Amino acid sequence: MGRDGYIKKIETAARQWEEQVLGPRIKRFNLAESPTRFYSPLNVRNSDFLEKVGFPGEYPYTAGNSPFDFWKAFAADAAKTGYRPDWGGAGKVGKYGGFGTASDYRDYLLRMQSMGRKGGPNIAFDLATQCGYDSDSPYAEGEVGRVGVAIDSFRDFQVIYEAYTGDLDIDKVPSNYTINAPAAVIIAMYATLAKKRGIAIDRLQGTPQNDILKEFIARGTYIYPPRPSIRLFRDICVFCTHYLPRLNINSIGGYHIREAGATHIQDLAFSFANGIAYIEAGLAGGLDIDAFAPRITFNAFGGSMEMYKEIALQRAARRIWARILKERFGARDPRSMMIRQPITAHIGCSSTTLQRPLNNLARAVIGGIAAGMSGGIPGAFPPFDEPLGLGHSQEATQLQIDATRIMIYEAKVADVNDPWAGSYFMESLTDETEEAALAEMEKIENMGGAVAAIENGYMPRCVAKSAYEKQKLVEQLKEFIVGVNCFTSDNEIEVSVNRIVEATYDPERMKTAEDRQKKSLARLKRERNGTAVSTALKTLCVHARDDSYNLMPDIIECVENEATLQEISDVLRQVFGEAQPIKL
Amino acid sequence: MQREVSEMIDAMKRGDTRALARTITLVENRSPGWKEAMQAIYGDTGSACVFGITGSPGAGKSTLTNEIALRLHDQGYSLGIIAVDPSSPFSGGALLGDRLRMRNICMKTDIFIRSMATRGVLGGLCQAARDVVRILDAAGKDIILIETVGAGQDEIDVVRVSNFVMVVCIPGQGDGIQAIKAGIMEIADLFIVNKADLGGADEIVADINGMLDLCTHNGIPRPPIMKTSTETKEGLDALVENLIAYARERKAATEVNRNHVKEEILSLLEREVFHFVREELSGNGRFEEAVEQVLSHRADPYSTVEELLGSFPLYRGMKTREK
Amino acid sequence: MNENRKIRVLISKPGLDGHERGAMVVAYGLRDEGFEVIYTGLRQTPEQIVNAAIQEDVDVLGLSILSGAHLGLTRKVIDGLGAQQADDILVLLGGIIPEEDIPALKEMGVDEIFTAGTPIKDISDFIRSHLPRSPEQEPVIEKP
C-alpha cells in the first residue's frame, strides 16, 4: 500500500472515530467541543524528516545544536566527585550579581572566592549606570548601587577587577555584563583594562547583553532613539569582530520580552526581528555574515508553564533562525546558524507565585523537564523563593540544584536528544509555532523591520496588550493558577520551610554607597586631566555626527582619559537625542 | 456663588496651580457651581492665543507639542496645554498618555498640562474644551495648545475652538493624506509634515498641495505647508516663529471669532433648551406615556414630538404663526 | 446634575526601573473599569509625579516600583503631595514590595499596597470604597 492509500485509510478511521467514539462522548457530557486533542499522521502530512528535523547537530538543528552537550561528557564524574555548580552561571561564567560601589562589590567577590566560588565576573549594574547617568546625577538619587554595582568611570571598573587576577585573570575567565544602552562604554572599559594589564585584547572573552532593541519592548533601560542605538550596535559589532573576536557580540533577550507579557509567538517573532536588525547592522558595517553571526547569542526564549508549547518553541526557534541565516543571509558556517543560549525552555520568573511559594519548586521542575526535552540542561529555574523579593535563600538554592540533579541522574531526562522528534503532536505544534512566528515576523518586515516596529509602538504595545489579556484570562477564570485564582479555600494549608537568606550584600554598605560613590566621583573629577577629557569628548562628538565613523576607538579614548559614563552618554545624547517613551 | 468656588477662582487667578486644576475639574464634571465659575471668569478671558494641533495617530503630535511648547516657553510665554484622548465607548474610562511625551516641559513652572478624555458626550466635548481654554486663559496663560487625534467629528470640533489649526501629517502614511479625515483639510491654517527626516516628505507635501488645489477656492487663503522633524529639530524654530508672528498679529474680532461666538451661544442654548424640555417632560409622566404610544404603534414618533412640544406655549405660538 | 463625574487616576513609575508590565496592566484594567487613567510612563522623578498629580487633579495616584527603591521614592512623593496640600489624593503602591516594608509604607501615608497577582477588580473596588472626595462616585454617561 502506497503513502496515499495509507493516508486514506487513516482518514476513514479518523472520521469513524470522530463519529462513533469522540462525538457521542462529547454529547454525553454536553460539551461544545472536546476538551482534549489527539494527533495522528493526518496532522503532519508533509513532514520530511531531514528537511524539518534532521539529526542532532545538523541543519536545521530542530533536534539540537550538537549530538550531545559538553556537560553530558562530565555528568557521571560530576556525580562521583560531588561537583557543585556555581549556580546561576554555566561553565566558567560566575554568579550574576553586583551592588554598592566598585570596592563594595570587589570585597564581596573576594569573600565569595575565599569560600570557593569560581567563575568570571557576571556583573549587574545599577539603574543609573544602565541608563547612562553618573552617581551624582539627580536621576541617580536613591538608585546608586541598588540593583547592581555603580560604575561611573574606568576607575570603578578597574576596582571590581581587582578580584579577578591570577587564575581568574581576564584572559582566563569570561566576563558577562548585563548592559545595553551603554554597552559600548563598558566594552571600551574592558578593552582598556586588558591594555593596562598588558593582555592582548583579542584574548578577551565574555558576553555583553548589548540587546538594545528589546529595551524598547521590555525592561526600559534605553537612552538614545532606536536608529542611533543601532548605529552604536553596528560600531560595537564591527569593532569586536575585528579586535575582540572571542567576545560574544550580544545576547538577544526573548526572556525579557516574554516576562514583560509577550505570548510565545511574539517572544519568538520579536526576538528574531531584533536579531535580524542586528545582523543587518553588522552587514551594513561591511562584515561578512560568517565573521560575526556565530557571536550573536540569545538569552533564553520561553517562560511559561505550558511545557508542550515551550518544547515546540525551542524546536521551531532553532529551525527558524537556521533558515534565516542560511537562506536569507547566505551563511555557510553552521555556527552562524545555531541559536546559542545559556538555557532552553524554562518557566520564567513570572510563572512563579507569591502565594504558597513552595509550589514554585514543582513549577520549576516542569520547566526543567521541558528544558531537558528541548536540548538544554534540565535546570529547575528559578529557585522557589524568587517572588518573595529578598534574594534566593540557601534552602531554595539547594532544592533547585537537587531537583536538577534528580532530573539528570534519576529521571534521565536528558539522555535522549529531542525525544519528541517524530511525534505527530509535537511536529505539528512545532510547525504551527513556526508558521505563526513567521507570519508575525512578516508583519514587522512590512512595517520596515524591528526599528520601525518600535518607533511606531507596535511591538511594545503588543506586549503590553498581551500582558493585559493574560491578566484578564486569569481574573475571568479562563486560565487557572493554583493557589492564586483557584484552590484557595481555608481547607488548603500553607506549607512553609525554614529559609535562611544568604547574607548577600552588606546592608550598611548599601545604605552609604551613594554618598561614598559621589565622593569618589568628585575626587575623580578633581584629579583627572580635564583637558584630555574634553578633547576626547569633543572628538567623540564630531565623529558621532558622521555616520561613517566607528565610535569605539573614540569611546575607548574617552574611557582611558577617565571621562565618566554619563559624560560619554551625554555627548551621544546631544548628537543622537533621547528615546521617547512609547504611548500605550 | 458658593464661597469655596469663589475662593478657588481667586486663588487660581493668583496663580495657584492646584486651584486652577480643581476649577477645571469642577467645570469639566459640570459639578454644582460650574456655571457660576465660568460666569465669574469670563471677564478675564480673551487674551490668550489658542493653537490647535491635530492629525492621525502616530503623526508625532505630542512630541511636536512638546517641542513647540519648549520653544514658546523659552521665549517667555506662559502656556496651557490640553491633550485630548478618546474615552472608551464600552467602559467610559480612558487611557490618557500624551503627557508622557511631554517630559521636557512638564516641570516648567509656566506650563500647565491637562489631559482630557472625550467622555462620549455628544457635541459636548467642544464646549468642554472651550471652557478649559477659558479657564487657562483666565489663569493668565498667554498661549494655549490643544492637541487631539483628528479621527472623529468630536475631535475636529475641539480644534475649532482654536484660533489657528495645525494639521500634522507624516511621510509614508498609507495613501498619504487620504488618511486625514475629511473635514480637517478645510479647517487647517497650516500643514505640518512631521518626521521629515524619514524620507518621503516631499511626496506628502506634493500630495497635500494636490489636495489643496482641489479644495481651496478663490479668496480663501491657501494654508502653507512646513516640514519638521522632532528627531533632527529641522523646521521647529521656523514653525514657532510663525506661530509667534500669528499670535502677535491676531486681531481680536475677526469673522472667524464671530462664527465661534455664534456657534457657542447656539450650542449652549441647545443644551439648555434640551435640558429644560427633558426636565419638564420627565416631571409630568407624559414622556413615558408617549413612549408607550409609539411602542404600540398607536402613534408615530414624528407627531409625538410635535405633540409633546405642543405643551410649551412658546412652541405653540410659533406653530400658530407658521400657519 | 453631576452627570460627568469621573474618577481620575495617575499611574506612574518613579525612578529608573523600566519594568512596566504591572503599571501598564493596571492602567488598561482601570480604564476598563471606567476610570480616566493618566499614564506617565517610565523614569519619573517624585517632583514630576507630584506636579502631574496636581495639574491633572487626580483622585488616585498609583506608583509602581520594582527596583527596591520604594521607601525613599514613595516618601518623596508623599512629602511632595503634602507640601501642596494634596494629601487627600489616595496613594497606592505596586511592584515588588517586601512584606516587612509594608508597615513603614502605610505609616508614611500609602493607602494600600498591591503586589503581583492582585486582581484589577480588587484595586478598583478599593478605590471606589476609599475615595473621600466625592459625593457621587458612580461614573454616569449623559443620557441621550
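Brief remarks follow.
- Across the stretch A:5-106, the relative contact order, built from alpha-carbon pairs under 8 Å that are at least six residues apart, equals 10 percent.
- When the other protein chains are added to the chain by itself, burial of at least 10 square angstrom of heavy-atom accessible area (probe 1.4 Å, ligands and nucleic acids ignored) affects these residues of the stretch A:197-221: A:R219, A:G220.
- Chain C contacts chain B over a buried accessible area of about 3200 Å², both sides summed; the probe is 1.4 Å and only protein chains count.
- In summary, the lysines within cross-link reach of A:K519, defined as a Cα separation below 18 angstrom excluding same-chain residues under 8 places away, comprise A:K511.
- Chain B - percent of accessible surface contributed by carbon and sulfur, probe 1.4 Å: 54
- Each residue of the stretch A:23-31 was assigned a 3J(HN,Hα) from its phi angle through the Karplus curve 6.51 cos²θ - 1.76 cosθ + 1.60 (θ = phi - 60°); the sequence is x, x, 5, 4, 4, 4, 9, 6, 9 Hz, with glycine and proline shown as x.
- The alpha-carbon atoms of chain C define a convex hull whose volume equals 107 cubic angstrom per residue.
- Cross-link pairs exceeding 20 Å in C-alpha to C-alpha distance, out of A:K118/A:K214; A:K95/A:K172; C:K13/C:K76; C:K76/C:K106; A:K214/A:K583, comprise A:K118/A:K214.
- Loop-resident GluC sites (Glu not before Pro) (DSSP state other than H, G, I, E or B) in the stretch A:276-375 with no more than 14 further Cβ atoms inside 10 Å of their Cβ are absent.
- Accessible-area composition of chain A, carbon plus sulfur, in percent [1.4 Å probe]: 54
- For the stretch A:551-584, heavy-atom accessible area (probe 1.4 Å) falls by no less than 50 Å² from the chain alone to the full protein assembly at A:Q580, A:P581, A:K583, A:L584.
- Interface area, A with C, accessible, probe 1.4 Å, both sides summed, Å² nearest 100: 2500
- Under 5 Å from the amide H of A:F125 lie the amide H atoms of A:V149, A:T178, each residue being 5 or more positions distant or on a separate chain, with H modelled from the backbone and absent for Pro and chain starts.
- Chain B contacts chain A over a buried accessible area of about 800 Å², both sides summed; the probe is 1.4 Å and only protein chains count.
- Range of Cα positions in the stretch A:167-288 per principal axis (Å), largest first: 46, 32, 24
- Mean accessible surface per residue for chain A, computed with a 1.4 Å probe while every protein chain stays in place, in Å²: 43
- Across chain A, the volume of the C-alpha convex hull divided among the residues equals 177 Å³ per residue.
- Here the spin labels are modelled as points 7 Å beyond Cα on the Cα-Cβ line, and at A:I406 and B:E292 they lie 7.4 nm apart.
- Per residue, the average separation of C-alpha pairs within less than 8 Å and at least 6 apart gives chain A a relative contact order of 17 percent.
- Alpha carbon centroid spacing (whole Å) that separates the stretch B:301-316 from the stretch A:291-342: 75
- Nonlocal amide H pairs with A:Q341, under 5 Å, H built at 1.01 Å: A:F298
- Remark on the stretch A:349-366: accessible area falls by at least 30 square angstrom from chain-alone to full-complex state for A:L354, probe 1.4 angstrom.
- Kirkwood estimate for the stretch A:430-477, i.e. one over the average of 1/r between Cα atoms, Å: 12.1
- In chain A, taking the dipole from charged Cβ atoms about the Cα centre, the farthest positive-side position among A:A532, A:M459, A:M305 is held by A:M305.
- Anchor A:K80: aspartates and glutamates whose Cα lies under 16 Å away (excluding residues fewer than 8 positions away in-chain): A:D402, A:E410
- Residue-averaged 222 nm ellipticity for chain C, from DSSP H runs of 4+ at -39500 (n - 2.57), nearest 500: -11500 deg cm²/dmol
- Efficiency of FRET between B:I244 and A:K519 - r from beta-carbon atoms, R0 41 angstrom, step 0.05: 0.30
- If you sort the three axes of the alpha carbon gyration tensor as a ≥ b ≥ c, you get a/c of 1.5 or more for the protein assembly as shown and a/b above b/c, which makes it prolate.
- Shielding by other protein chains, B:111-119, mean Cβ within 10 Å: 4
- 10 Å Cβ neighbours from other chains, averaged over peptide A:453-466: 2
- Rounded to 10°, Cα long-axis angle of helix A:507-527 versus longest principal axis of chain A: 50
- Alpha carbon centroid spacing (whole Å) that separates the stretch A:450-472 from the stretch A:232-257: 25
- Dipole magnitude for the protein assembly as shown: about 1400 debye, using +1 per Lys or Arg Cβ and -1 per Asp or Glu Cβ, origin at the Cα centre.
- Per residue solvent-accessible surface (Å²) - the stretch C:8-131, probe of 1.4 Å: 31
- Probe 1.4 Å, protein heavy atoms only - accessible area per residue of the stretch B:224-323 in square angstrom: 74
- Segment A:D4-A:E18, extension gain: residue separation times 0.36 nm, minus the distance between their alpha carbons: 2.9 nm
- Hz values of 3J(HN,Hα) by residue in the stretch A:264-270 - Karplus curve (6.51, -1.76, 1.60), Gly and Pro given as x: 5, 5, 4, 3, 5, 5, 6
- In degrees, nearest ten, helix A:359-372 long axis to first principal axis of chain A (Cα): 80
- Relative to the longest principal axis of the Cα atoms of chain A, the long axis of helix A:3-16 makes an angle of roughly 70 degrees.
- Segments A:251-258, B:128-135 sorted - mean Cβ within 10 Å per residue, highest first: A:251-258, B:128-135
- Per-residue average of Cβ from other chains inside 10 Å of B:84-95: 6
- Rg/Rh ratio calculated on Cα atoms of the stretch A:160-234 (Kirkwood radius): 1.05
- Assigned charges on the beta-carbon of Lys, Arg, Asp, Glu; chain B dipole about Cα centre (debye): 660
- HN-Hα J in Hz across the stretch B:228-243 - Karplus 6.51, -1.76, 1.60, θ = phi - 60°, x for Gly and Pro: 9, 9, 7, 7, 8, 6, 4, x, 6, 4, 4, 4, 5, 4, 4, 5
- The stretch A:413-536, dipole about Cα centre (Lys/Arg Cβ +1, Asp/Glu Cβ -1), debye to the nearest 20: 1600
The values are calculated or read from the model by the stated rules, or taken from the named source; none is laboratory data. Just so you know, these numbers come straight off a predicted model, no measurement behind them. Note that each Cβ is placed from the backbone with ideal geometry, even for glycine, and that neighbours are counted across all protein chains shown. Just the protein is used for accessible areas: all its heavy atoms, side chains included, with ligands, DNA and RNA removed. Shrake-Rupley method; radii C 1.70, N 1.55, O 1.52, S 1.80 Å.
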